[in-house]
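Report on the following structure.
The values are calculated or read from the model by the stated rules, or taken from the named source; none is laboratory data. Note that this is a predicted model, so its numbers are computed, not measured. Glycine gets a Cβ as well: all are built from the backbone with ideal geometry, and neighbour counts include every protein chain shown.
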Amino acid sequence: MLDFLTSFSPAFILIAAGVLAGFIPASNISSHARKALLIGAPALALVLINTIYFSQTQSTYLGGHMSFAGIELTTLRIDNLSIIWGYIFCFAGILNGIFALHEKCKITDTSALIYTGAGIGAVFAGDLITLFIFWELLALSSVFIVWRGGPKSYPAGMRYLAMHILSGVLLLAGLVIYGRETGSYAFNNIGLDAPGGWLMLLAFGIKAGFPLLHNWIQDAYPRSSVTGTVILSVFTTKLAIYALARGFAGTEMLIYIGGIMAVFPVFFAVLENDLRKVLAYSLNNQLGFMVAGVGVGSTLALNGVAAHVVIDILFKGLLFMSMGAVLHRVGTTKASELGGLFRSMPYTAVFCMIGAAAISAVPFFGGFVSKSMIIAAVFEDGQFIVFAMLLFASAGVLEHSGIKVPYFAFFAHDSGKRVQEAPWNMLVAMGIAAFFCIYLAIPGPFGGMQHLYNLLPNEVAGAAKFIPYSTDHVVFQMQLIMAAMFAFALLKRVGLYPPERRAQILDFDWTYRRLGLALVKWVGAIWTRLGAFAIYLLKKFFSMIGRRMYQVFSPAGTFSQDAPSGIAAVLISGMLAAVLLVVYFF
């Protein structure tokens, strides 16, 4: 039985469940069946992955072999790097299913299952062609989740789809060049010196939200549905981090890219009014830590990246779930329209603060362990400028996600809104995520930090060399946290903190959504004028030809003076000549 189960990737279980969910009729009873698939399929995939991993004696398991156009594909590769992504993707799929139990939407359920399956399939891809297939399926399935956000989400979904198709085209071009030059499509370390390496790095960078390529995150995620944003926050960007860790670990350029990614969203998030968009910028900020860690490429750095992927999915999912619950009950996540919700949504407020503490790297919360590993690895590598940038970004994320989001949503001024607490299934999902945000940061025999270490891609001894709960590190982190909190309180007190206002923050996407649109309109206007001028010239040309023809062939024309019968005689003569030629030759 195990041999049969290991003959294909667990991703196909989720994809098949998604297709099946699409054929289940829309009714109350059928909705329960879809929800069972939404939770049961990732749970079954998790069990299968765990069974395969622990049943093998080798460190790497290769299976799910298929032949495509004469090329051998490996659809299932489970090793020390991919296993932790597989675990957290399946667990996130289960949490998403619980959080969406109240929602009766066939499209969202179907897309979520296929989207989860595509993410898991890409993580376990053993070759670049398999990666590309799931890479594209990830984009096609997720865009429907974006579109379910309402009428305003359609343009954002189209821009989202365009960026991801571009990523797929770059990946395809890169892998074709790589395969032809090297004779292998295996998905291992690639590097920038490899044929097609730059194209594949750019393809991964789009999905990872590299600077100037990041706006699809802030554009699409906040416009998705209540549950859609939670689903979207998990797979695409974290898969890109996996692809970078697999193919470009130790690429020095990524250290500086990651540092910039961690810093620049801080300024936009502090000014932004939409709290879900604040969290989208915060997502970019956390991805910067991971990209910098991949760039360092050391044992500690890659362990930190893997750990931070797990913790980030938990605390970022928890924060998006809390804001989704607010959106579900209040109908908005605008900071200018919220406040005082702790009175009517106390449990959601507590869970949001746990997520805020985790993302702010407060001791005994998840981010304290994983983020500190990356920062320590950057320091050990001698990248002191990037180290300072990450420290600034750590303080900045406390300002916008650690303080701003819970403060303006649940405290601050009282908006007067009195609503019901979030539905029970949302509270259960948030409670599970909040529990693991704390549990995985607790050391000792009763904590989960060692369990997290055991899942990391490199040897546990390498991860254990970093001790997060040393006196110096705890004191330094608390000083950083207290300084950020003091700065927030002082700026609010003196009135210098940017007020929550109903305004759109301009980002780099302005260049192609406004300036680019204006350029297209200008080119279109010039093209219209050129077309009108060309038509005018053609009309004049044919008018001149017509006049000359009339002057030659008309009854009063030049030709008629030599042939009085005029144009009719010419035509009859031509027809007679043609008949004679046909009779002569045939």
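So here's what we get for this one:
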{"read-out": "Selection count where residues are within 18 Å of the chain's Cα centre (by Cα) and among the β-branched types (Val, Ile, Thr), scope region 95-124", "value": "5"}
{"read-out": "Of all residues making up region 136-175, the number that are within 13 Å of MET200 (Cα to Cα) and not in a helix (DSSP H, G or I)", "value": "0"}
{"read-out": "Filter pass, LEU137 being at pLDDT 85 or above, out of contact with any Ser or Thr (no Cβ under 9 Å at 6 or more places or on another chain), in the same structural domain as MET200 (by TED's automatic domain parsing) and crowded, with 24+ Cβ neighbours inside 10 Å", "value": "no"}
{"read-out": "Number of the condition not met by GLY297 [criteria: (1) of a type outside the set (A, V, I, L, M, F, W, C); (2) more than 19 Å from HIS214 (Cα to Cα); (3) touching a helix residue (DSSP H, G or I) at 6+ places or on another chain (Cβ under 6 Å)]", "value": "(3)"}
{"read-out": "Some residue of region 374-383 being in contact with a helix residue (DSSP H, G or I) (Cβ under 7 Å, 6 or more places away or on another chain) and more than 24 Å from ALA306 (Cα to Cα)", "value": "no"}
{"read-out": "Subset tally (residues that are among the polar types (S, T, N, Q) and touching a Phe, Trp or Tyr at 6+ places or on another chain (Cβ under 8 Å)) for region 51-88", "value": "2"}
{"read-out": "GLY93 being in contact with a Gly (Cβ under 8 Å, 6 or more places away or on another chain) and either closer than 30 Å to ALA422 by Cβ or in a helix (DSSP H, G or I) (or both)", "value": "no"}
{"read-out": "Verdict on ALA422 being more than 18 Å from MET321 (Cα to Cα), at pLDDT below 95 and not hydroxyl-bearing (Ser, Thr, Tyr)", "value": "no"}
{"read-out": "All helices (runs of 4 or more DSSP H) inside region 353-464 with 1 or more residues being within 19 Å of LEU287 (Cβ to Cβ) and hydrophobic (A, V, I, L, M, F, W, C)", "value": "366-380, 384-397, 405-410, 424-439"}
{"read-out": "Flag if ASN50 is at pLDDT 85 or above, in the same structural domain as VAL226 (by TED's automatic domain parsing), among the polar types (S, T, N, Q) and over 23 Å from SER184 (Cα atoms)", "value": "yes"}
{"read-out": "Complete set of residues in region 321-369 that are of a type outside the set (A, V, I, L, M, F, W, C), crowded, with 24+ Cβ neighbours inside 10 Å and over 24 Å from the mean Cα position of the chain (by Cα)", "value": "THR348"}
{"read-out": "Any hit, region 268-280, residues being within 30 Å of LEU491 (Cα to Cα), in the same structural domain as PHE315 (by TED's automatic domain parsing), touching a Leu at 6+ places or on another chain (Cβ under 6 Å) and assigned to a helix (DSSP H, G or I)", "value": "yes"}
{"read-out": "Selected residue [surrounded by 16 or more Cβ atoms within 10 Å (Cβ to Cβ) and either in contact with a helix residue (DSSP H, G or I) (Cβ under 6 Å, 6 or more places away or on another chain) or at pLDDT 75 or above (or both)] from ALA483, ALA463", "value": "ALA463"}
{"read-out": "Filter result (in contact (Cβ under 8 Å) with a residue 24 or more places away in the chain and more than 30 Å from SER67 (Cβ to Cβ)) within region 148-167", "value": "ARG148, GLY149, GLY150, LYS152, SER153, ALA156, GLY157, ARG159, TYR160, MET163"}
{"read-out": "First in region 80-95 and within 16 Å of PHE12 (Cβ to Cβ), second anywhere and assigned to a helix (DSSP H, G or I) and not aliphatic (A, V, I, L, M), Cβ under 7 Å, 6 or more apart", "value": "PHE89/THR116; PHE89/GLY119; PHE89/PHE235; CYS90/PRO42; GLY93/PRO42; GLY93/THR116"}
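Residues checked against (1) under 18 Å from ALA245 (Cβ atoms); (2) at pLDDT 95 or above; (3) not assigned by TED's automatic domain parsing to the domain that holds PHE264:
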position	(1), (2), (3)
HIS164	no, no, yes
ILE190	yes, no, yes
GLY196	no, no, yes
LEU199	no, yes, yes
LEU202	yes, yes, yes
LEU212	no, no, yes
